[in-house]
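Okay, so here's the structure we're looking at.
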Amino acid sequence: MNQSDSTPFAVTIQNLTKKYGSLKALDKITFSVHKGELFALLGPNGAGKTTLVRILTGLTRPSFGIAQVNGQAGLVPQALNLDYDLTVSENLLIHGLLYHMPYPAIGSRIRELLAYTEIAHKARATIRTLSGGMKRRVMIARALMHDPEVLFLDEPTVGLDPHIRRKIWSLIKRVQGQGTTILLTTHYIEEAELLADKVALLDHGTIVALDTPRNLKARMGTYAVDIVDDNGLATNYFPDKESARKAMLDMGEQGRAITLRQVTLEDAVVGLTGRTEK
Amino acid sequence: MNGFIAVYLRELLILKHRFWRMLMSFAVSPVLYLVAFGLGMGKNVKVGHQSYVEFLIPGLVAMSSMMQGFGINVEINVTRFYLKVFEEFQAAPISNLSYVCGEVAGGVTRAILASCVIVCLSLVTGLGLTFGPDFWGLVFLNATVFAALGVTSAMLIKNHADQALITNLVITPMAFLGGTFFPLKNLPPWARAPLELIPLSHASRGLRMAASHRPVSPEDCIILAVLSIAAIGLAWWSVDRAKD
Ligand SMILES: Nc1ncnc2c1ncn2[C@@H]1O[C@H](COP(=O)(O)OP(=O)(O)OP(=O)(O)O)[C@@H](O)[C@H]1O
Ligand SMILES: [Mg+2]
């Protein structure tokens with residue numbers, strides 16, 4: 001999906017800083033997310049992704065700067081936070097009441113969302129009895145209960161098997177298709193590459209790069225040649241297939257494994273974060 | 001209002017899912033006290049013109065309603081540090097006051113259930129005590145004071161271990177010294193004066209009067225009512241402290 005720059009902003013962040021003692025979890029961050037966009041925050045452990053999401057959803061106070069969400073926010077936090085002794089429906093019911101939904105609307109919304117997230121058969125099961133993938137889907141269903149305009153997903157697919165991850169990815173895309181703005185954090189590069197309209201690379205509390213996945217990749221080139229030999233792994237980047245192929249022929253020697261492939265977002269991430277390593 | 005309903009309903013649903021287990025746990029300590037101090041001492045030990053068991057039961061109700069009301073703090077700590085559901089409340093568009101009132105109502109409900117258990121036990125043993133509206137009104141006020149203090153302490157602590165400290169330093173001494181097991185009248189004045197100040201003393205004295213058909217002193221009621229409002233105010237103030 002392409003967002004023109006004239007679309008209004010769903011999230012505005014200016015000079016946002018969060019300090020924990022002397023540690024700057026976020027350091028003067030500035031960016032905006034357009035309405036309807038799927039924005040991925042990519043970064044290693046401790047980069048500040050969760051801190052940013054918690055500030056945007058009112059769970060943490062910023063030290064200074066502006067963090068503004070236009071419209072109701074919905075949140076799927078990184079750590080599961082469900083009531084284990086209550087049933088799936090009861091968890092959603094409490095959420096609906098917390099967001100001032102009228103009682104009759106809550107019941108039909110629960111049925112609709114449980115069908116949508118494919119856990120309708122577990123409506124009366126207590127959370128304790130669900131698998132990890134089901135709990136994640138309950139979390140997403142719960143966050144969607146009050147039909148938020150902006151949905152924050154903090155590492156929504158951590159610890160899930162590839163099938164369930166794909167299911168959740170397709171669910172996320174469908175939610176975006178209905179017009180919801182989504183801000184997703186992840187350290188899975190392929191997740192950001194597959195889903196996001198825009199990616200911000202966060203490292204040590206600062207934004208190292210922010211662009212569409214396509215433009216980020218283009219910074220490295222279009223084709224990559226990996227050479228694996230006794231010296232380890234080396235990757236060279238090329239603007240087009242022809243030059244890459246030519247270089248490959250020149251490099252071909254005994255005892256080397258050479259692969260030609262398209263540049264991925266991972267190349268861009270490695271290239272961009274490598275330069276900023278402290 | 002919806003916020004209050006959501007928070008209270010959640011506590012009720014948790015209570016429902018654990019109803020029998022919880023009722024049993026409410027019964028354990030009062031039964032132990034009744035056996036040890038009530039029956040163990042026999043019917044011949046008198047306090048004033050009452051048997052000791054008759055004297056003891058309203059004190060146990062005061063103690064239990066305090067403990068179970070304050071016990072909402074354990075639920076909140078589990079919600080905050082273990083389940084992390086507290087973040088749901090923090091992110092939701094509800095006022096801090098409706099959150100506090102929902103949790104206090106949860107604590108009061110547990111306290112009333114715990115008191116019912118003791119009242120049932122005493123009805124079975126056929127003692128000449130009565131439990132009218134004045135009695136239950138006092139249970140309500142006492143439970144409100146301590147549930148609100150429970151919410152406050154749950155908001156102010158930084159980890160679960162601090163909670164045990166507060167309970168051991170504040171609640172347990174009060175349970176023993178708040179006129180529950182012996183009449184404060186028997187103490188020398190220097191010991192009596194400070195103990196008269198603690199909220200539980202007013203609750204146990206008032207409950208004892210109500211249970212034996214005597215008029216409850218308005219002073220005790222007013223003090224408990226004022227303390228409930230103050231404690232709710234304190235809890236309201238404390239909610240924002242829980243944010244990092
Ligand atoms: N409550 C807190 N008190 C002190 N430091 C904190 C607190 N929360 C986060 N931090 C620190 O802030 C930094 C950013 O943490 P954050 O959880 O935002 O990272 P993250 O990008 O979400 O990492 P992960 O991928 O592991 O979830 C870390 O160095 C972390 O230790
Ligand atoms: Mg995180």
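The values are calculated or read from the model by the stated rules, or taken from the named source; none is laboratory data. Since this is a predicted model, take the numbers as computed values, not measurements. Cβ atoms come from the backbone with ideal geometry, glycine included; neighbour counts cover every protein chain shown. Protein only, heavy atoms only, side chains kept; ligands, DNA and RNA dropped before computing areas. Shrake-Rupley method; radii C 1.70, N 1.55, O 1.52, S 1.80 Å.
For first residues located in the stretch A:41-58 and touching a residue at least 12 places away in the same chain (Cβ under 8 Å), partners that are near ligand 2 (Cβ under 8 Å from one of its atoms) and open to solvent by 40 Å² or more (accessible area, probe 1.4 Å) and lie 6+ apart or on another chain with Cβ distances below 6 Å form the pairs A:Thr50/A:Gln78.
So, of the residues in the stretch A:35-49 that are surrounded by fewer than 21 Cβ atoms within 10 Å (Cβ to Cβ), on the phi < 0 side of the Ramachandran plot and within 12 Å of ligand 2 (Cβ to nearest atom), which turns out to be nearest to the other protein chains (Cβ to nearest Cβ)?
Once the filter is applied, the top-ranked residue is A:Asn45.
Here the condition is being among the charged types (D, E, K, R) and more than 16 Å from ligand 1 (Cβ to nearest atom); of A:Asp161, A:Asp154, A:Asp203, it holds for A:Asp161 alone.
Just to be sure before I move on: is B:Ser25 within 14 Å of chain A (Cβ to nearest Cβ) and open to solvent by 50 Å² or more (accessible area, probe 1.4 Å) in the structure I sent? Break it down stepwise before answering.
Values: within 14 Å of chain A (Cβ to nearest Cβ): no; open to solvent by 50 Å² or more (accessible area, probe 1.4 Å): yes.
Considered against the rule, which asks whether it is within 14 Å of chain A (Cβ to nearest Cβ) and open to solvent by 50 Å² or more (accessible area, probe 1.4 Å), B:Ser25 comes out as no.
Restricting the first member to the stretch A:230-246 and to residues that are of a type outside the set (Phe, Trp, Tyr), and the second to residues that are assigned to a loop (DSSP other than H, G, I, E, B) and surrounded by 10 or more Cβ atoms within 10 Å (Cβ to Cβ), the beta-carbon pairs closer than 7 Å and six or more apart or on different chains are A:Pro239/A:Gly221; A:Pro239/A:Thr222; A:Asp240/A:Thr222.
Within the bounds of the stretch B:44-51, is there any residue that is assigned to a helix (DSSP H, G or I) and either of a type in the set (Gly, Ala, Ser) or modelled with pLDDT of 85 or more (or both)? No: the stretch B:44-51 contains no residue that is assigned to a helix (DSSP H, G or I) and either of a type in the set (Gly, Ala, Ser) or modelled with pLDDT of 85 or more (or both). Assess whether A:His95 counts as being more than 15 Å from ligand 1 (Cβ to nearest atom), within 14 Å of another protein chain (Cβ to nearest Cβ) and at pLDDT 95 or above. Considered against the rule, which asks whether it is more than 15 Å from ligand 1 (Cβ to nearest atom), within 14 Å of another protein chain (Cβ to nearest Cβ) and at pLDDT 95 or above, A:His95 comes out as yes. Taking (1) crowded, with 16+ Cβ neighbours inside 10 Å; (2) within 14 Å of another protein chain (Cβ to nearest Cβ) in turn, B:Pro30 satisfies each apart from (2).
Out of curiosity, is A:Val138 of a type in the set (A, V, I, L, M) and open to solvent by less than 20 Å² (accessible area, probe 1.4 Å)? Against the criterion (of a type in the set (A, V, I, L, M) and open to solvent by less than 20 Å² (accessible area, probe 1.4 Å)), A:Val138 qualifies.
Listed here are the residues, each with its yes/no results for (1) outside any helix (DSSP H, G or I); (2) at pLDDT below 95; (3) on the phi > 0 side of the Ramachandran plot.
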{"position": "B:Val74", "(1), (2), (3)": "no, yes, no"}
{"position": "B:Val78", "(1), (2), (3)": "no, yes, no"}
{"position": "B:Phe81", "(1), (2), (3)": "no, yes, no"}
{"position": "B:Lys84", "(1), (2), (3)": "yes, yes, yes"}
{"position": "B:Gly102", "(1), (2), (3)": "no, no, no"}
{"position": "B:Ala105", "(1), (2), (3)": "no, no, no"}
{"position": "B:Thr109", "(1), (2), (3)": "no, no, no"}
{"position": "B:Leu113", "(1), (2), (3)": "no, no, no"}
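Does the stretch A:163-171 include one or more residues that are at pLDDT 95 or above, outside any loop (DSSP other than H, G, I, E, B) and crowded, with 19+ Cβ neighbours inside 10 Å? Spell out how you get there, then give the answer.
If we filter the stretch A:163-171 for residues that are at pLDDT 95 or above, which is where we start, we get none.
Within the stretch A:163-171, not a single residue is at pLDDT 95 or above, outside any loop (DSSP other than H, G, I, E, B) and crowded, with 19+ Cβ neighbours inside 10 Å.
Here the stretch A:173-198 is the region considered, the condition is being under 15 Å from A:Val53 (Cα atoms) and more than 16 Å from ligand 2 (Cβ to nearest atom), and the residue that is farthest from the chain's Cα centre (by Cα) is A:Thr181. Taken together, B:Phe26, B:Phe4 contain a single residue that is in a helix (DSSP H, G or I), in contact (Cβ under 8 Å) with a residue 12 or more places away in the chain and under 19 Å from the mean Cα position of the chain (by Cα), which is B:Phe26.
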